[in-house]
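Down below is the structure, laid out as structure tokens.
The values are calculated or read from the model by the stated rules, or taken from the named source; none is laboratory data. This is a predicted model, so every value here is computed, not measured. Remember, those area values only see protein heavy atoms, side chains included, never the ligands or the DNA or RNA. Shrake-Rupley method; radii C 1.70, N 1.55, O 1.52, S 1.80 Å.
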Amino acid sequence: MSPSPDQPQGITLKHLLAAFLPLLVLYITVHILDLSSALTLFSLRNIILGNRPPITLDQNQSPSLKESPDIPPYFSLHRAVASYTSYHALALKELDALQRSYARLTYAHKKVGYELGYPRKLEGTKKAEEANAKLLESVAGCARREFNHEFELTPESGSGGEDYGKQVMPLWKLLRWGWREEDLRPDMGRAREAMKHFVRDWSEEGREERKRIFDPILEVLRRVGEEQRKEMKVLVPGCGLGRLAWEVSELGGCGLRLHKPRELRSLIE
Amino acid sequence: MTLAFRFLLSPESTQTPNQHTVHPYAHWLSHSRASENTLRGILFPDVVPRLTPNLHLIEGDFLKHHPTPSSAQYDYIITLFFIDTSLNIISTLEHIHKLLKPGGTWINLGPLLWTSGAQTRMELSLEEVLRLAEMVGFMVQDGRRTVECEYTADRKAMMKWLYQAEFWVATKRSV
């Protein structure tokens, strides 16, 4: 006999399913999207509500670890170092994808590929990336040395980067934005930009590129008399790896440089 | 980029020219004429930089830079590929103006590639930036011109990304 409309209904199996089915779907979705390695109710809560407020890249906001203890701000020392130290693992993952794609060729086509030297090329890429990773580790090591006090809060071991890699991206954010720059996993973009900037600013290979943009600027400064230059104060904001400022100081003036902490196009702030 | 720069400045990390090698193009197999191009190693630094009494590194948000005793102490401010990284272009230009001595010079060279994702308050055209500069209190000198340039390009690649960057010299008007 069905309960009368006046009588309150108890919690039925239907109610329980209605409550938990979405969570179950969420759980499965998160795993399929490989968002988290260990899913607990706590992390589910974090997925839905997020670990912290949405990131607003307010220029007035100075990034510091103290602002968000769980997740470092986008432009921060820790994220930068994490990007450098995670490079090797991420690069290998990328390479793995290339290998798997190649492996889908038929046997006959693989023979052709072998003749072309394609597997050897991928092996070459792997070695090059290993060398890059070593370099980036050195850069990270320098950062840890020079910002020693900032790293006291986190483990000093080489896995500092991987910790942030395990942060869960809030699902609401994921659904809204897709995979964007705010992705909390360390990304290779920063590391790759840094490497390109080593070339642009401080290699013989980058000389031509520098000349085109430095010449007009240095020409203006050269018009200043040599005596006057000594008293001059010059500021170069957002100087990247500082080559321009260094060139200015070589002119004999007083060159000051200023770094903004943010730079994605640049790298590893 | 501060960390990368510090890596070159630090005597513990970098001592001699061309001490380090990087393979910045190894991961991207497109636009490649030959494998050896893609995989090539590039030596750096061509010269070893060091900070000196003439060369200081200041880290922090540009908008928060207020040198003592007075803010207006620079003869020149040079913005190279910088102003379009502003999240608020008005604040940036106002701050440049503020930091310059009266009659001081602002030199700019760069494109106008605003930060993506609607993160900037405004995304201005060149016309608008120049108009803004005037409003803020700059006088752009004659000789403004376009400088065609690249940015972290691979010289050997089959693809070029060319900027038509704008170069100008402006003076701080006494408001």
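Quick one: grab the alpha carbon gyration tensor of chain B, order the square roots of its eigenvalues as a ≥ b ≥ c, and give me rounded if a/c is under 1.5, else prolate or oblate depending on whether a/b is larger than b/c.
oblate
Which entries in A:Lys196/B:Lys64; A:Lys93/A:Lys134; A:Lys233/B:Lys101; A:Lys93/B:Lys156 show an alpha-carbon gap greater than 21 Å?
Cα-Cα > 21 Å for A:Lys196/B:Lys64; A:Lys93/B:Lys156; rest within.
Please give the total accessible area that chains A and B bury against each other, computed with a 1.4 Å probe and expressed in Å² to the nearest 100.
For chain A against chain B, roughly 7400 Å² becomes buried.
For the stretch B:16-101, what is the convex hull volume of the alpha-carbon atoms per residue, in Å³?
Measuring per residue, one finds 163 Å³ for the Cα hull of the stretch B:16-101.
Return the single residue from B:Ala133, B:Ala34, B:Ala165 with maximal mean-square fluctuation; model: Gaussian network over chain B, springs between Cα atoms under 10 Å.
Of B:Ala133, B:Ala34, B:Ala165, the most mobile in the Gaussian network model is B:Ala34.
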